[in-house]
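Q: Next up is a structure, given as C-alpha coordinates.
The values are calculated or read from the model by the stated rules, or taken from the named source; none is laboratory data. The model shown is predicted, which means the values in this text are computed figures rather than measured ones. Don't worry about glycine lacking a Cβ; one is built from the backbone with ideal geometry, like all the others, and counts go over all protein chains shown.
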Amino acid sequence: MDKKFDVVGIGSAIVDILGHADDELLKELGLQKGTMTLIPEAEANIFYDMLKDKQEKSGGSVANTTAGIASLGGSTSFIGKCKEDEHGKTFSSSLKSTGAIYNTPLSTGENGTARSFVFITPDAERTMATFLGVAVELSKDDIDFKMVQQAKIVFLEGYLFDSPSAREACFEIMKIAQESNTKIAITLSDPLCVDRHRDDFMDMAMDFADIVLANELEAQALFQVKTLDAAVEEIRRENSRKAQIFAITKGDKGSIIIDETNLYEVSPEKVSNVVDKTGAGDLYASGFLYGLSHGYTTKQSARIGSIAAAEVIGHIGARPEVKLSDLIISGKV
(Lines give C-alpha, C1' and ligand atoms only; values in the text may rest on other atoms or scores of the structure.)
Protein backbone atom coordinates (compact mmCIF):
# COMPACT_ATOMS: atom_id res chain seq x y z
CA MET A 1 0.00 0.00 0.00
CA ASP A 2 1.21 3.52 -0.84
CA LYS A 3 2.58 5.45 2.12
CA LYS A 4 0.45 8.60 2.06
CA PHE A 5 1.55 9.83 5.48
CA ASP A 6 5.01 10.40 6.93
CA VAL A 7 3.71 9.93 10.48
CA VAL A 8 0.31 9.01 11.93
CA GLY A 9 0.10 9.81 15.64
CA ILE A 10 -2.27 8.20 18.14
CA GLY A 11 -2.64 9.80 21.55
CA SER A 12 -4.70 11.77 24.02
CA ALA A 13 -6.56 14.82 22.70
CA ILE A 14 -5.97 17.39 25.45
CA VAL A 15 -6.35 21.11 26.00
CA ASP A 16 -3.50 22.57 28.09
CA ILE A 17 -4.27 25.17 30.74
CA LEU A 18 -0.95 26.79 31.53
CA GLY A 19 0.00 29.13 34.34
CA HIS A 20 2.76 30.06 36.76
CA ALA A 21 3.42 28.53 40.17
CA ASP A 22 6.19 28.16 42.72
CA ASP A 23 7.61 25.04 44.35
CA GLU A 24 5.57 25.64 47.49
CA LEU A 25 2.29 25.44 45.57
CA LEU A 26 3.39 22.17 43.96
CA LYS A 27 4.06 20.72 47.42
CA GLU A 28 0.70 22.00 48.68
CA LEU A 29 -1.06 20.26 45.78
CA GLY A 30 0.95 17.05 46.24
CA LEU A 31 2.49 17.23 42.76
CA GLN A 32 5.92 15.80 41.93
CA LYS A 33 7.87 18.41 40.03
CA GLY A 34 8.53 17.65 36.38
CA THR A 35 6.02 14.78 36.12
CA MET A 36 2.38 14.24 35.20
CA THR A 37 -0.25 13.24 37.79
CA LEU A 38 -3.75 12.01 36.92
CA ILE A 39 -6.60 13.82 38.69
CA PRO A 40 -10.43 13.55 38.79
CA GLU A 41 -12.66 16.27 37.35
CA ALA A 42 -13.53 17.69 40.78
CA GLU A 43 -9.85 18.26 41.49
CA ALA A 44 -9.39 19.74 38.02
CA ASN A 45 -11.93 22.44 38.86
CA ILE A 46 -9.95 23.33 42.01
CA PHE A 47 -6.66 23.45 40.12
CA TYR A 48 -8.20 25.76 37.52
CA ASP A 49 -8.78 28.39 40.21
CA MET A 50 -5.23 28.05 41.59
CA LEU A 51 -3.34 28.66 38.34
CA LYS A 52 -2.15 32.23 37.89
CA ASP A 53 -2.19 34.07 34.56
CA LYS A 54 -3.93 31.17 32.83
CA GLN A 55 -3.55 30.53 29.11
CA GLU A 56 -5.52 27.82 27.30
CA LYS A 57 -3.81 26.14 24.36
CA SER A 58 -4.34 22.89 22.47
CA GLY A 59 -1.97 20.19 23.65
CA GLY A 60 -1.57 16.45 24.10
CA SER A 61 1.88 14.91 23.72
CA VAL A 62 1.57 13.14 20.36
CA ALA A 63 -0.83 15.80 19.07
CA ASN A 64 1.92 18.35 19.70
CA THR A 65 4.35 16.13 17.81
CA THR A 66 1.89 15.91 14.93
CA ALA A 67 1.58 19.71 14.82
CA GLY A 68 5.38 19.96 14.76
CA ILE A 69 5.66 17.52 11.85
CA ALA A 70 3.09 19.56 9.90
CA SER A 71 5.11 22.72 10.64
CA LEU A 72 8.19 20.98 9.22
CA GLY A 73 6.28 20.32 6.00
CA GLY A 74 5.52 16.65 6.67
CA SER A 75 2.30 14.82 5.82
CA THR A 76 0.71 13.77 9.08
CA SER A 77 -2.51 12.82 10.83
CA PHE A 78 -3.65 12.51 14.44
CA ILE A 79 -6.13 10.09 16.03
CA GLY A 80 -7.45 10.95 19.49
CA LYS A 81 -10.80 11.48 21.19
CA CYS A 82 -12.37 14.66 22.51
CA LYS A 83 -15.94 15.80 23.17
CA GLU A 84 -18.19 18.09 21.16
CA ASP A 85 -17.75 20.86 23.75
CA GLU A 86 -15.89 24.16 23.66
CA HIS A 87 -12.56 22.57 24.60
CA GLY A 88 -13.05 19.85 21.98
CA LYS A 89 -13.87 22.35 19.25
CA THR A 90 -10.79 24.38 20.23
CA PHE A 91 -8.58 21.29 20.05
CA SER A 92 -9.96 20.21 16.68
CA SER A 93 -9.75 23.59 14.96
CA SER A 94 -6.29 24.30 16.37
CA LEU A 95 -4.79 21.01 15.18
CA LYS A 96 -6.39 21.27 11.73
CA SER A 97 -5.01 24.80 11.37
CA THR A 98 -1.46 23.37 11.46
CA GLY A 99 -2.10 21.37 8.29
CA ALA A 100 -2.41 18.03 10.10
CA ILE A 101 -5.40 15.82 9.34
CA TYR A 102 -7.76 15.20 12.28
CA ASN A 103 -10.92 13.22 11.55
CA THR A 104 -11.72 11.46 14.84
CA PRO A 105 -15.47 12.05 15.47
CA LEU A 106 -16.22 14.28 18.47
CA SER A 107 -17.95 12.44 21.32
CA THR A 108 -21.41 13.47 22.53
CA GLY A 109 -21.17 11.38 25.72
CA GLU A 110 -20.96 12.47 29.34
CA ASN A 111 -17.18 12.87 29.77
CA GLY A 112 -15.71 16.20 28.68
CA THR A 113 -12.58 16.90 26.67
CA ALA A 114 -9.37 16.13 28.56
CA ARG A 115 -7.57 19.01 30.23
CA SER A 116 -3.99 19.20 31.46
CA PHE A 117 -3.07 21.80 34.06
CA VAL A 118 0.51 22.86 33.45
CA PHE A 119 2.24 24.57 36.38
CA ILE A 120 5.32 26.47 35.18
CA THR A 121 7.86 27.21 37.91
CA PRO A 122 10.47 30.03 37.73
CA ASP A 123 13.09 27.59 36.39
CA ALA A 124 10.78 27.00 33.36
CA GLU A 125 10.12 23.40 34.46
CA ARG A 126 6.58 22.15 33.86
CA THR A 127 4.56 19.98 36.22
CA MET A 128 1.28 18.58 34.98
CA ALA A 129 -1.98 17.47 36.55
CA THR A 130 -4.27 15.88 33.99
CA PHE A 131 -7.98 15.10 33.86
CA LEU A 132 -8.26 12.57 31.02
CA GLY A 133 -12.00 12.90 30.43
CA VAL A 134 -13.24 11.36 27.20
CA ALA A 135 -9.66 10.71 26.01
CA VAL A 136 -9.68 7.45 27.99
CA GLU A 137 -12.59 6.19 25.88
CA LEU A 138 -10.40 5.84 22.78
CA SER A 139 -10.87 2.30 21.46
CA LYS A 140 -10.34 0.16 18.37
CA ASP A 141 -13.61 1.55 16.98
CA ASP A 142 -12.04 5.02 16.78
CA ILE A 143 -8.92 3.92 14.86
CA ASP A 144 -8.69 4.38 11.11
CA PHE A 145 -6.57 1.31 10.41
CA LYS A 146 -6.27 2.20 6.73
CA MET A 147 -4.49 5.36 7.84
CA VAL A 148 -2.08 3.22 9.89
CA GLN A 149 -1.37 1.10 6.83
CA GLN A 150 -0.70 4.23 4.77
CA ALA A 151 1.88 5.61 7.21
CA LYS A 152 5.64 5.34 7.02
CA ILE A 153 5.68 5.59 10.83
CA VAL A 154 2.91 5.19 13.40
CA PHE A 155 3.62 6.99 16.68
CA LEU A 156 2.01 5.79 19.93
CA GLU A 157 1.75 7.70 23.19
CA GLY A 158 2.59 5.89 26.43
CA TYR A 159 -0.15 7.77 28.28
CA LEU A 160 -2.71 5.73 26.29
CA PHE A 161 -1.98 2.76 28.53
CA ASP A 162 -3.86 4.47 31.37
CA SER A 163 -7.01 3.37 29.50
CA PRO A 164 -7.74 -0.38 29.04
CA SER A 165 -9.60 0.20 25.76
CA ALA A 166 -6.80 2.40 24.37
CA ARG A 167 -4.20 -0.15 25.49
CA GLU A 168 -6.05 -2.83 23.52
CA ALA A 169 -6.18 -0.51 20.52
CA CYS A 170 -2.41 0.08 20.73
CA PHE A 171 -1.59 -3.60 20.42
CA GLU A 172 -4.00 -3.95 17.49
CA ILE A 173 -2.39 -0.92 15.83
CA MET A 174 1.09 -2.43 16.26
CA LYS A 175 -0.09 -5.71 14.76
CA ILE A 176 -1.55 -3.94 11.70
CA ALA A 177 1.59 -1.80 11.38
CA GLN A 178 3.88 -4.83 11.34
CA GLU A 179 1.73 -6.44 8.64
CA SER A 180 1.83 -3.23 6.57
CA ASN A 181 5.56 -2.47 6.69
CA THR A 182 4.80 0.58 8.81
CA LYS A 183 7.51 1.48 11.33
CA ILE A 184 6.35 1.62 14.97
CA ALA A 185 7.52 4.47 17.19
CA ILE A 186 6.58 4.92 20.83
CA THR A 187 7.14 7.57 23.47
CA LEU A 188 7.46 6.49 27.10
CA SER A 189 5.65 9.74 28.08
CA ASP A 190 6.52 10.08 31.79
CA PRO A 191 8.50 8.13 34.45
CA LEU A 192 5.39 7.66 36.58
CA CYS A 193 3.56 6.34 33.52
CA VAL A 194 6.43 3.89 32.97
CA ASP A 195 6.11 2.74 36.59
CA ARG A 196 2.37 2.13 36.12
CA HIS A 197 2.77 0.08 32.94
CA ARG A 198 6.34 -1.16 32.92
CA ASP A 199 5.60 -4.71 31.72
CA ASP A 200 3.55 -3.45 28.77
CA PHE A 201 6.17 -0.83 27.95
CA MET A 202 8.92 -3.45 27.97
CA ASP A 203 6.84 -5.57 25.58
CA MET A 204 6.37 -2.57 23.29
CA ALA A 205 9.93 -1.32 23.47
CA MET A 206 11.64 -4.69 23.06
CA ASP A 207 9.24 -6.70 20.89
CA PHE A 208 7.28 -4.25 18.76
CA ALA A 209 8.87 -0.83 18.45
CA ASP A 210 11.36 0.17 15.78
CA ILE A 211 11.88 3.59 17.38
CA VAL A 212 11.69 4.48 21.09
CA LEU A 213 11.72 8.04 22.39
CA ALA A 214 12.27 8.85 26.07
CA ASN A 215 13.93 11.27 28.42
CA GLU A 216 16.64 10.05 30.77
CA LEU A 217 14.32 9.52 33.76
CA GLU A 218 11.90 7.49 31.63
CA ALA A 219 14.73 5.34 30.27
CA GLN A 220 15.98 4.69 33.80
CA ALA A 221 12.46 3.81 34.96
CA LEU A 222 12.00 1.37 32.08
CA PHE A 223 15.11 -0.63 32.99
CA GLN A 224 14.83 0.03 36.74
CA VAL A 225 18.31 1.48 37.02
CA LYS A 226 19.62 4.58 38.78
CA THR A 227 21.81 6.15 36.10
CA LEU A 228 21.52 7.01 32.44
CA ASP A 229 24.76 5.12 31.72
CA ALA A 230 23.19 1.95 33.15
CA ALA A 231 20.07 2.45 31.02
CA VAL A 232 22.19 2.92 27.90
CA GLU A 233 24.10 -0.27 28.69
CA GLU A 234 20.80 -2.18 28.95
CA ILE A 235 19.58 -0.74 25.66
CA ARG A 236 22.78 -1.67 23.84
CA ARG A 237 22.60 -5.18 25.26
CA GLU A 238 19.00 -5.57 24.07
CA ASN A 239 19.82 -4.05 20.67
CA SER A 240 22.38 -6.76 20.03
CA ARG A 241 19.43 -9.07 19.32
CA LYS A 242 17.06 -6.60 17.62
CA ALA A 243 18.01 -3.56 15.55
CA GLN A 244 16.21 -0.56 17.03
CA ILE A 245 16.63 3.17 17.37
CA PHE A 246 16.49 4.74 20.83
CA ALA A 247 16.50 8.52 21.23
CA ILE A 248 17.03 9.73 24.80
CA THR A 249 16.73 13.44 25.54
CA LYS A 250 18.78 15.04 28.32
CA GLY A 251 17.31 18.54 28.51
CA ASP A 252 19.95 21.24 28.09
CA LYS A 253 22.62 18.53 27.66
CA GLY A 254 21.22 17.42 24.29
CA SER A 255 20.38 13.84 23.43
CA ILE A 256 21.82 10.37 22.95
CA ILE A 257 20.95 8.25 19.94
CA ILE A 258 21.47 4.49 20.01
CA ASP A 259 21.15 3.07 16.51
CA GLU A 260 21.56 -0.70 16.72
CA THR A 261 24.80 -0.83 18.77
CA ASN A 262 26.12 2.59 17.65
CA LEU A 263 25.89 5.53 20.04
CA TYR A 264 25.81 9.19 19.06
CA GLU A 265 25.87 12.29 21.28
CA VAL A 266 23.90 15.21 19.85
CA SER A 267 24.38 18.73 21.23
CA PRO A 268 21.36 20.91 22.05
CA GLU A 269 20.53 24.06 20.12
CA LYS A 270 21.29 27.29 21.96
CA VAL A 271 18.30 29.11 23.42
CA SER A 272 18.73 32.70 24.59
CA ASN A 273 15.75 32.63 26.97
CA VAL A 274 14.04 29.46 28.20
CA VAL A 275 10.45 30.40 29.04
CA ASP A 276 8.52 27.12 29.28
CA LYS A 277 9.78 23.55 28.82
CA THR A 278 6.29 22.24 28.03
CA GLY A 279 6.40 20.33 24.76
CA ALA A 280 10.19 20.14 24.47
CA GLY A 281 10.17 16.34 24.20
CA ASP A 282 7.11 16.38 21.93
CA LEU A 283 8.75 18.73 19.46
CA TYR A 284 12.04 16.85 19.62
CA ALA A 285 10.01 13.80 18.58
CA SER A 286 8.48 15.75 15.68
CA GLY A 287 11.88 16.63 14.29
CA PHE A 288 13.31 13.19 14.88
CA LEU A 289 10.42 11.33 13.24
CA TYR A 290 10.19 13.84 10.39
CA GLY A 291 13.88 13.30 9.70
CA LEU A 292 13.67 9.52 9.74
CA SER A 293 10.61 9.53 7.47
CA HIS A 294 12.44 11.76 4.97
CA GLY A 295 15.62 9.73 4.69
CA TYR A 296 17.87 11.69 7.06
CA THR A 297 20.36 9.77 9.19
CA THR A 298 19.54 9.20 12.84
CA LYS A 299 22.09 11.85 13.86
CA GLN A 300 20.69 14.40 11.38
CA SER A 301 17.16 13.59 12.57
CA ALA A 302 18.22 14.24 16.16
CA ARG A 303 19.58 17.64 15.09
CA ILE A 304 16.21 18.50 13.53
CA GLY A 305 14.60 17.40 16.79
CA SER A 306 16.89 19.69 18.77
CA ILE A 307 16.05 22.67 16.54
CA ALA A 308 12.31 22.05 16.95
CA ALA A 309 12.61 21.65 20.73
CA ALA A 310 14.64 24.86 21.01
CA GLU A 311 11.88 26.83 19.30
CA VAL A 312 9.08 25.61 21.56
CA ILE A 313 10.83 26.27 24.89
CA GLY A 314 11.29 29.92 23.95
CA HIS A 315 7.61 30.73 24.51
CA ILE A 316 4.54 29.64 26.47
CA GLY A 317 2.77 26.62 24.99
CA ALA A 318 3.71 23.29 23.48
CA ARG A 319 3.36 24.00 19.77
CA PRO A 320 5.61 26.01 17.43
CA GLU A 321 4.89 29.66 16.79
CA VAL A 322 7.03 29.88 13.64
CA LYS A 323 7.33 27.66 10.60
CA LEU A 324 9.80 24.98 11.65
CA SER A 325 10.72 24.18 8.05
CA ASP A 326 12.31 27.64 7.79
CA LEU A 327 14.45 26.95 10.87
CA ILE A 328 15.63 23.64 9.43
CA ILE A 329 16.67 25.33 6.18
CA SER A 330 18.52 28.09 8.05
CA GLY A 331 20.08 25.50 10.35
CA LYS A 332 21.55 23.68 7.32
CA VAL A 333 20.88 20.17 8.62
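Q: Identify all residues within the stretch 150-207 that are assigned to a helix (DSSP H, G or I), under 14 Å from the mean Cα position of the chain (by Cα) and of a type in the set (Ser, Thr, Tyr); write none if there are none.
A: The one that is assigned to a helix (DSSP H, G or I), under 14 Å from the mean Cα position of the chain (by Cα) and of a type in the set (Ser, Thr, Tyr): Tyr159.
Q: Only one of these is under 23 Å from Ser163 (Cα atoms) and surrounded by fewer than 24 Cβ atoms within 10 Å (Cβ to Cβ): Lys57, Lys89. Name it.
A: Lys89
Q: Filtering the stretch 7-49 down to residues that are surrounded by 15 or more Cβ atoms within 10 Å (Cβ to Cβ) and in a loop (DSSP other than H, G, I, E, B), which residue is farthest from the chain's Cα centre (by Cα)?
A: Ala21
Q: Still on this structure: With the requirement that a residue be of a type outside the set (Val, Ile, Thr), assigned to a loop (DSSP other than H, G, I, E, B) and under 25 Å from Asp6 (Cβ atoms), what does the stretch 125-149 give you? Lay out the reasoning, then the answer.
A: In the first step, residues of the stretch 125-149 are kept if they are of a type outside the set (Val, Ile, Thr); the result is 125-126, 128-129, 131-133, 135, 137-142, 144-147, 149.
Checking which are assigned to a loop (DSSP other than H, G, I, E, B) leaves us with 125, 132, 138-139, 144.
If the condition is that a residue be of a type outside the set (Val, Ile, Thr), assigned to a loop (DSSP other than H, G, I, E, B) and under 25 Å from Asp6 (Cβ atoms), then Leu138, Asp144 are the ones that fit.
Q: Would you point out the residue of the stretch 50-99, among those that are of a type in the set (A, V, I, L, M, F, W, C) and in a helix (DSSP H, G or I), that is farthest from Ala308 (Cα to Cα)?
A: Met50
Q: If you check Val194, Val225, Val232, which single one turns out to be surrounded by 15 or more Cβ atoms within 10 Å (Cβ to Cβ) and closer than 22 Å to Thr278 by Cα?
A: Val194
Q: Same structure, new question: Tell me, please, whether a residue that is within 19 Å of Ser12 (Cα to Cα) and touching an Asp or Glu at 6+ places or on another chain (Cβ under 7 Å) can be found in the stretch 175-184.
A: Yes, some residue in the stretch 175-184 is within 19 Å of Ser12 (Cα to Cα) and touching an Asp or Glu at 6+ places or on another chain (Cβ under 7 Å).
Q: Can I ask one more? Could you run through the stretch 29-60 and say how many residues are touching a helix residue (DSSP H, G or I) at 6+ places or on another chain (Cβ under 8 Å) and farther than 20 Å from Cys193 by Cα?
A: 6
Q: I've got another one for you. Considering the stretch 260-273 alone, what residues qualify as being under 23 Å from Ala309 (Cα atoms) and either of a type in the set (Val, Ile, Thr) or at pLDDT below 90 (or both)?
A: Result: Val266, Lys270, Val271, Ser272, Asn273.
Q: Limited to the stretch 230-252, what total is found for residues that are at pLDDT 95 or above and either among the acidic types (Asp, Glu) or more than 16 Å from Leu188 (Cα to Cα) (or both)?
A: Result for the stretch 230-252: 1.
Q: Still on this structure, I have one more. Have a look at Ala310, Ala280 and point out the one that is modelled with pLDDT of 90 or more and crowded, with 23+ Cβ neighbours inside 10 Å.
A: Numbers: Ala310 fails: crowded, with 23+ Cβ neighbours inside 10 Å.
Of Ala310, Ala280, the one residue that is modelled with pLDDT of 90 or more and crowded, with 23+ Cβ neighbours inside 10 Å is Ala280.
Q: Taking the condition of being surrounded by fewer than 23 Cβ atoms within 10 Å (Cβ to Cβ) and either assigned to a strand (DSSP E or B) or charged (D, E, K, R) (or both), how many residues in the stretch 212-221 meet it?
A: Number satisfying all stated conditions: 1.
Q: Still on this structure: Only one residue in Phe246, Phe171 is surrounded by fewer than 19 Cβ atoms within 10 Å (Cβ to Cβ) and either in contact with a Gly (Cβ under 7 Å, 6 or more places away or on another chain) or of a type in the set (Phe, Trp, Tyr) (or both). Which one?
A: It is Phe171.
Q: Then there's this: Give the stretch 260-286 a look and list any residue that's under 16 Å from Thr187 (Cα atoms) and touching a strand residue (DSSP E or B) at 6+ places or on another chain (Cβ under 6 Å), or say none.
A: Of everything in the stretch 260-286, those that are under 16 Å from Thr187 (Cα atoms) and touching a strand residue (DSSP E or B) at 6+ places or on another chain (Cβ under 6 Å) turn out to be Thr278, Gly281, Tyr284, Ala285.
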